[in-house]
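**Q** Got a structure for you, written out below as structure tokens; questions coming shortly.
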Amino acid sequence: MRRVVFNQKGGVGKTTIVCNLAAISASRGRKTLVVDLDAQCNASQYLLSSGEAQAEAGTADFFENTLRKGRQSNDLQPFITPTPFENLSVMAAHPDLEELRVKLEAKHKIYKLRQALETLEGYDAIYFDTPPALNFYSQSALIAASHCLIPFDCDDFARQALYNLFDTIAEIKDDHNPELSVDGIVVNQFQTQAKLPARLIAELKEEGHPLLDTAITSSIKVRESHEASVPLVYFAPSHKVSKQYAELYDVLGRKRGGKRR
Ligand SMILES: Nc1ncnc2c1ncn2[C@@H]1O[C@H](COP(=O)(O)OP(=O)(O)OP(=O)(O)O)[C@@H](O)[C@H]1O
Ligand SMILES: [Mg+2]
């Protein structure tokens, strides 16, 4: 299972969702890898606490290798760093990803991540954290993934972004990755008291968008968990928002189980 969490809009919860679903997967005994493709490095910082040695190599080194002349090895192991959490590893990001992007786009390296992951053994689940843009890195992830989860933060700009997003996914499916399946839209930072979020959600449902029933509410615990570099399943296991994440994980698992791929 290879899941990308993508929305080209910034700040909708991609990194938080990737890291927390991956941490739940790992806590349940599945060997799990997070591939951080965002030059902001937020997922890497969340999962590799500042006290840990920083990753020696990661996604930027992998992509840099693909630009070298001659046959490159597809071995991803040198770019993977274990996190302090059992069964959870990360292919860390680096700010250099930004500079590398133009070269990678010019050299048509869009299938390299998928090809390398196809030869990676020993992982039960892979999660991709993407930058807030439809660029080389998010496209590489959409091509490498089997599933795509879309976070939505109940804002009208985010609703506009959703329409473009479904067109993008359809195009990637058609041109590059027919097995890509949309998990659905997960509402993040839901505010139960406010009227606008409920109205936007109702409208999206009416328009036939695939909204998941589990929403993640807005909670300070999320920010505290970031600050501590400890995912919610370990930071506050009995908190409401941690339970919502566990429910989201189960819902996604059941959807996969019930569907032939
Ligand atoms: N459920 C939540 N409750 C409260 N704050 C949240 C919640 N989910 C995310 N946040 C906060 O919202 C901000 C954006 O979240 P996050 O970094 O996960 O989004 P992103 O989509 O990855 O952003 P970017 O597009 O910049 O990569 C962060 O400060 C995070 O702590
Ligand atoms: Mg992010």
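**Q** For region 29-155, what proportion of DSSP beta bridges, expressed in % and rounded to the nearest 5, is antiparallel?
**A** Restricted to region 29-155, the bridges split so that about 15 percent are antiparallel.
**Q** In whole Å, how far is the Cα centre of region 171-248 from that of region 81-150?
**A** 21 Å
**Q** Measuring from a point 7 Å past the Cα of residue 220 along Cα-to-C-beta, which residues in region 175-201 have an amide N at less than 20 Å?
**A** Residues passing the 20 Å test: 189-194.
**Q** Straight-line reach only, C-alpha to C-alpha below 19 angstrom: list the aspartates and glutamates that residue 255 could link to, leaving out same-chain residues fewer than 8 apart.
**A** Excluding near neighbours in sequence, the set is 124, 179, 183, 213, 247.
**Q** On C-alpha positions alone, give me the angle between the axis of helix 97-106 and the longest principal axis of the chain, in degrees, nearest 10.
**A** So the helix axis and the longest Cα principal axis differ by about 70 degrees.
**Q** Using Cα pairs closer than 8 Å and at least 6 residues apart in sequence, work out the relative contact order for the chain, in percent.
**A** In percent, rounded to a whole number, it is 26.
**Q** Tally the DSSP beta bridges in the chain and give the antiparallel ones as a percent, rounded to 5.
**A** The antiparallel fraction comes to roughly 5 percent.
**Q** On C-alpha positions alone, give me the angle between the axis of helix 156-175 and the longest principal axis of the chain, in degrees, nearest 10.
**A** 50 degrees
**Q** I'd like to compare 14-24, 243-253, 175-185, 58-68: which one has the highest average count of other Cβ atoms within 10 Å, and what's the full order after that?
**A** 14-24, 58-68, 243-253, 175-185
**Q** How would you classify region 191-261 from its alpha-carbon gyration tensor, with a ≥ b ≥ c the square roots of the eigenvalues: rounded for a/c under 1.5, else prolate if a/b is greater than b/c, otherwise oblate?
**A** Verdict is oblate for region 191-261.
**Q** Once both axes come from the Cα atoms, what is the angle between helix 195-206 and the longest principal axis of the chain, in degrees from 0 to 90, rounded to 10?
**A** Helix 195-206 sits roughly 70 degrees off the main axis of the chain.
**Q** 7 Å from Cα along Cα→Cβ at both residue 73 and residue 105: what's the point-to-point distance in nm?
**A** 3.1 nm
**Q** Rank by packing, highest mean first: peptides 226-232, 138-144, 125-131, with packing defined as the count of other Cβ atoms within 10 Å averaged across residues.
**A** The most tightly packed comes first, giving 125-131, 138-144, 226-232.
**Q** Which value, in Å², gives the accessible area per residue of region 2-254 when a 1.4 Å probe is used on the protein heavy atoms?
**A** That works out to 45 Å² for each residue.
**Q** Moving on to the next point. Could you tell me whether region 13-109 comes out rounded, prolate or oblate from its Cα gyration tensor? Rule is a ≥ b ≥ c as square roots of the eigenvalues, rounded for a/c under 1.5, then prolate if a/b exceeds b/c, otherwise oblate.
**A** Prolate is the answer for region 13-109, as a/c is 1.5 or above and a/b outweighs b/c.
**Q** Taking the chain as a Gaussian network, Cα atoms linked when under 10 Å apart, which of 159, 71, 101 shows the biggest mean-square fluctuation?
**A** Between 159, 71, 101, it is 71 that shows the largest mean-square fluctuation.
**Q** Another question about this same structure. Taking 19 Å as the cut-off for C-alpha to C-alpha distance, list the pairs among 69/109; 195/243; 173/205; 103/173; 69/107 that go past it.
**A** In this structure, 195/243; 173/205; 103/173 exceed 19 Å between Cα atoms.
**Q** I would also like to ask the following. Rounded if a/c is under 1.5, else prolate if a/b beats b/c, else oblate: with a ≥ b ≥ c from the C-alpha gyration tensor eigenvalues square-rooted, which is region 2-254?
**A** oblate
The values are calculated or read from the model by the stated rules, or taken from the named source; none is laboratory data. All values derive from a computational prediction rather than experimental measurement. Glycine also receives a Cβ, built like all others from the backbone with ideal geometry; neighbour counts cover every protein chain displayed. These area figures cover heavy atoms from the full protein model, side chains too; ligands, DNA and RNA do not enter into them. Shrake-Rupley method; radii C 1.70, N 1.55, O 1.52, S 1.80 Å.
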